[in-house]
Ligand code: ZN
């Protein structure tokens, strides 16, 4: 499985993907009424798209189109080939329904099993699956991967903390799959009850929400585990399409089934490998509901370098945020996730912050308010942070370091960005 640094190249990865892309284009034209119409309208013949660069001419697929096609408007196989549907939880209006063939179910389990292997899970492990089952993709995806690998599933599903802890202790679960917030809840409960000596967890696989390094650290410490960040979305199989490896320096994704492009979220143009932008996914082998250039609105980048863990699959960075959160300052796109990252690597900085934008004499200025850790020299932290922001994000900002606990906390989504430029 391992390839050496000498033989690794993104070009080789792309070449394989382009072969699959060409057959996908033919298949869509033949089997998908939705894409046939869409491509015709864009004046594209399947033979026109031979390379990843050619994709620049292909219109994106949006979440809205998927909603409008409710319930099965994007199905690209005959009804008798569909064995299951899943659906995204729509916060507004109708949800998105995704049909799966036997092949899709199989591919998903295979990708998920790779995720477990990447995290070091073996046949001897007992995997407690706490994400929900049913229309949602999570629970059953986690379980299918465990079964494919040959480990033992403990399918508790969500909620009922008493039952979770009972199963975890009596069945000696070694792996915990959960959303990060549920993992934190369980970790705090285990800590509060002093159950650390009774549990046998080694590995945590957490996903579905963006979570800061400090939260991750707390969960790891309370549970005595190493944790891995899993990525996915219902429209594209579900969780399990990418996971971080023991190096914890990016998430490997399964490039033999999924083509990842990074685009400029404003212009829609493809960006060179290594640059940060919006992730756009094309499903190369999916049958029930293949997607061509699906906009995820998640911000990341493709990491061009070979991973030191030796795994040959390419990587994306951890998700930095959503395009909806993007702010443009001094001609540079910034995501709050980038600030998160810089705070993490800056010694003496807390995790809470606010970004204040203002405009004076036609010029943008940025003020970052953060908290210093207890007993840290606020002036030193300020200079350190200013330097790191300049280095990592490329802009000069004013920084104000406040004593620990000075910024407001919120149970819900914390307001981070204060844009006062319109009023100036
Ligand atoms: Zn790796």
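Computed values, structure above
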| item | result |
| --- | --- |
| Some residue of region 263-286 being within 26 Å of residue 181 (Cα to Cα), free of Cβ contacts under 8 Å to residues at least 40 places away in the same chain and either out of contact with any strand residue (DSSP E or B) (no Cβ under 8 Å at 6 or more places or on another chain) or not assigned by TED's automatic domain parsing to the domain that holds residue 167 (or both) | no |
| Lone unmet requirement of (1) buried (at least 19 other Cβ atoms within 10 Å of the Cβ); (2) under 14 Å from the mean Cα position of the chain (by Cα); (3) not in a loop (DSSP other than H, G, I, E, B) for residue 319 | (3) |
| Of residues in region 296-316 being assigned to a strand (DSSP E or B) and near the ligand (Cβ under 10 Å from one of its atoms), the one farthest from residue 117 (Cα to Cα) | 303 |
| Unmet requirement for residue 324, which otherwise passes all of (1) touching a helix residue (DSSP H, G or I) at 6+ places or on another chain (Cβ under 9 Å); (2) outside any loop (DSSP other than H, G, I, E, B); (3) modelled with pLDDT under 95 | (1) |
| Set 159, 150, 103: member being surrounded by fewer than 17 Cβ atoms within 10 Å (Cβ to Cβ) and on the phi < 0 side of the Ramachandran plot | 103 |
| Options 391, 360; residue that is over 18 Å from residue 213 (Cα atoms), without any contact (Cβ under 8 Å) to a residue 24 or more places away in the chain and loosely packed, with under 13 Cβ neighbours inside 10 Å | 391 |
| Residue list for region 49-84, restricted to those being assigned to a strand (DSSP E or B) and surrounded by fewer than 16 Cβ atoms within 10 Å (Cβ to Cβ) | 83, 84 |
| Matching option when the condition is surrounded by 23 or more Cβ atoms within 10 Å (Cβ to Cβ), assigned to a loop (DSSP other than H, G, I, E, B) and away from the ligand (no atom under 16 Å from the Cβ), among 239, 265, 272, 290 | 290 |
| Residue match in region 216-223 (condition: away from the ligand (no atom under 16 Å from the Cβ), touching a residue at least 60 places away in the same chain (Cβ under 8 Å) and under 28 Å from residue 189 (Cα atoms)) | no |
| Extreme residue, farthest from residue 128 (Cα to Cα), among residues of region 145-168 that are in contact (Cβ under 8 Å) with a residue 12 or more places away in the chain and in a loop (DSSP other than H, G, I, E, B) | 150 |
| Contacts under 6 angstrom Cβ, first residue in region 302-324 being at positive phi, partner away from the ligand (no atom under 16 Å from the Cβ) and in a loop (DSSP other than H, G, I, E, B), 6 or more apart | 321/335 |
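The values are calculated or read from the model by the stated rules, or taken from the named source; none is laboratory data. Bear in mind the structure is a predicted one, so any value in this text is a computation, not a measurement. Glycine gets a Cβ as well: all are built from the backbone with ideal geometry, and neighbour counts include every protein chain shown.
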